Amino acid sequence: MLPSRPPSPACADRPEPELPSEPTGQDPDVGQGTPPQEETEKKKKKKKRRGPGPFVLLVLPGLVSLTGVATFFAVTGGFTVESEQAAGPEQAAAPGVDASYVPWLRKAAADCEVVSPSVLAAQIDQLTGWTDDTGKLSGQRGIAAFTDEAWHTWGKDSDGNGRSTPRDPADAIMALGRQDCSLTAEVTDLRTEGRVNGDLVDLLLAAYATGVDEVAEAGGVPDDARTYVTEVKGLLSGYASLDKEETSGAPTAAGAILAAPVSTLTVTSPYGSREHPLTGVTKLHTGIDFAAAQGAQVFAARGGQVVFAASTSAYGNRIVVDHGEIEGKRLQTTYSHLSSIEVAVGQTVETGTPIGRAGSTGLSTGPHLHFEVIYDGYYSNPQPWLAPSG
């Protein structure tokens with residue numbers, strides 16, 4: 001098992017999931033403080049393997065003799081683990097994945113174009129097989145096999161239960177997502193500079209296994225990382241269902257209350273699942289791409305306050321405007337891949353205020369505007385929100 005190795009400390013201050021540059025969409029369970037129950041279920045199963053459970057120890061002695069008990073277990077084999085699993089109330093969304101982990105996998109990958117829920121799940125599968133019985137001698141803990149050093153860099157109390165630990169699956173999944181997104185930014189820069197070649201997912205996994213410096217020195221995937229990369233990618237297909245966003249429970253649009261963010265709304269890539277043209281990763285396209293010439297004016301779709309205005313690795317120059325609450329739920333719009341930013345954080349804007357210029361910064365194939373609507377923490381299809389006159 002390869003240890004989890006953090007990249008250079010310079011990447012430790014990347015935006016955290018709760019910031020506007022990393023929206024908390026696709027996660028109905030955030031903030032409820034209810035960690036997954038895998039540890040409890042595992043302990044139950046271990047007890048079953050050791051011998052009879054509480055029913056046998058407390059009830060049967062009063063009903064039958066010791067000989068009868070021994071005969072019963074000799075004939076029936078006791079109560080099996082398989083029967084307990086079959087009676088479980090919740091089916092996993094993918095093999096080996098507790099259903100309560102799925103929102104965290106999606107949240108951890110929400111703002112990173114290369115990292116998908118299936119990539120995170122395949123990594124965890126390869127590292128620990130979804131158990132936290134990692135070796136004490138290796139110093140790795142939890143389902144994502146974090147060392148103390150790596151946890152100090154990436155670990156946080158992501159589920160708000162008052163403790164930050166790699167043995168909390170929600171904390172571990174989110175930490176792995178932060179680490180992977182930071183590594184992705186580094187290898188993306190290396191590939192943009194022409195210093196490395198290869199698929200970005202391969203380069204990410206290689207950087208996780210051996211470090212970014214080794215990837216740069218090899219000009220791609222180092223020989224020492226090939227086994228890890230091959231094993232993780234071999235597991236991806238088994239977790240493909242995690243990348244299909246379930247939208248039935250997401251909030252719906254309150255009405256066509258947004259003005260056009262560019263002068264002409266010509267859709268070049270709609271909202272929904274798609275294969276990214278640069279990374280090849282299939283995941284939710286969280287907004288709509290509108291055709292726009294380089295330098296075309298971009299406007300605020302509604303009045304509000306600018307809460308983010310900076311450059312990011314995947315989105316390029318990005319602006320997030322908070323429009324306050326609509327029907328009791330917070331509404332935000334985002335504007336990405338801009339060639340320039342013409343507003344600052346904290347600035348108040350009105351509908352139609354010029355805020356930036358269209359471009360092709362970040363992971364982009366050409367000038368356009370990537371426009372998103374985030375409603376109550378969920379990505380929402382922007383089309384129903386836009387006024388027909390747009």
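At a glance:
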| item | result |
| --- | --- |
| Ranked by how many other beta carbons lie within 10 Å on average, peptides 175-185, 114-124, 262-272, 312-322 from highest | 114-124, 175-185, 312-322, 262-272 |
| Scattering profile of the stretch 149-264 at q = 0.10, 0.12 Å⁻¹ [log10 I(q)/I(0), Debye over alpha-carbon scatterers] | -0.48, -0.65 |
| Net charge over other residues, Cβ less than 13 angstrom from the Cβ of Q383 (K, R count +1; D, E count -1) | -2 |
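Since every read-out is calculated from the coordinates, none of them should be taken as a lab result. Quantities reported herein were computed from a predicted structural model and do not represent experimental measurements. Quick reminder, even Gly has a Cβ in these numbers, built from the backbone with ideal geometry, and neighbours come from all protein chains shown.
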